[in-house]
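The values are calculated or read from the model by the stated rules, or taken from the named source; none is laboratory data. Keep in mind that this is a model prediction, so the values were computed, not measured. Glycine gets a Cβ as well: all are built from the backbone with ideal geometry, and neighbour counts include every protein chain shown.
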Amino acid sequence: MRIRDFRIGDEPVLWDVFFSAIHELAARDYSAEQVHAWAPADMDRAAWAARIRALQPWVAEHEGRVAGYADLQPDGCIDHFFVSACHARQGVGRALMEHLLRQARGRGLAELAADVSRTAQPFFERFGFEVVEYRLPVRRGVAIPNARMRRVLPPGG
Ligand SMILES: CC(C)(COP(=O)(O)OP(=O)(O)OC[C@H]1O[C@@H](n2cnc3c(N)ncnc32)[C@H](O)[C@@H]1OP(=O)(O)O)[C@@H](O)C(=O)NCCC(=O)NCCS
């Protein structure tokens, strides 16, 4: 497993990871209507790619193939955290989360926070995050429940 910086040109393969994570993994916990509102097949790819370039995620590669990606913003928020369905439950998410935690400690952040899907909540709990509140954001007219979760980082730790 290798975690590397995002590179211009990664956008299409990261879209594939995002799409597969939502349509194949999160689809277990959300309706078809919610999944299609969250990641529509006809999403404006240029706008999505611009968003990813702004987030500057790290990319996980497994056996030379892109398997997942995740970002950490300066305020400690994680915006995207996705593992492709064909790489699920093989430690890719763990490698990304451990990398984010190292980065957060290196930056001296006091806490990490994310709006976490139902699918990812047990994974985030596994890494010490706790639910702060349940939320009901609306995307493309469809409510897609998630939870704001956070993990406090001990000073100097
Ligand atoms: C949540 C997600 C990132 C987990 O990635 P992953 O690569 O499958 O996770 P890992 O294999 O590294 O698992 C790490 C640990 O979390 C646990 N875990 C992972 N998914 C879990 C789940 N759904 N339920 C319970 N535990 C889970 C694993 O058992 C493992 O524990 P262990 O170390 O004791 O064996 C991935 O399933 C995903 O992308 N889901 C869909 C998209 C999504 O909802 N993204 C988040 C948006 S906020």
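Quick notes
- Just so you know, in segment 114-141 the residues that are part of a strand (DSSP E or B) and within 11 Å of the ligand (Cβ to nearest atom) include one that is nearest to A26 (Cα to Cα), and it is S117.
- Residue in segment 60-90 that is surrounded by the most Cβ atoms within 10 Å (Cβ to Cβ), counting only those that are within 8 Å of the ligand (Cβ to nearest atom) and among the polar types (S, T, N, Q): S84
- Every listed requirement among (1) in contact with a His (Cβ under 9 Å, 6 or more places away or on another chain); (2) closer than 19 Å to L96 by Cα; (3) exposed (fewer than 15 other Cβ atoms within 10 Å of the Cβ) is met by P57 save one, (3).
- Against the numbered list (1) part of a helix (DSSP H, G or I); (2) of a type outside the set (S, T, Y); (3) more than 13 Å from the ligand (Cβ to nearest atom); (4) closer than 14 Å to V17 by Cα, G93 comes up short only at (3).
- Where a residue in segment 52-76 is touching a residue at least 12 places away in the same chain (Cβ under 8 Å) and of a type in the set (G, A, S) and its partner, wherever it lies, is within 13 Å of the ligand (Cβ to nearest atom) and part of a loop (DSSP other than H, G, I, E, B), with Cβ under 6 Å and at least six apart: A67/S84; A70/P57
- Scanning segment 70-80 for residues that are in contact with an Asp or Glu (Cβ under 8 Å, 6 or more places away or on another chain) and in a strand (DSSP E or B) yields a single hit, I78.
- Residue list for segment 1-41, restricted to those being in a loop (DSSP other than H, G, I, E, B) and either of a type in the set (V, I, T) or at pLDDT below 95 (or both): M1, I8
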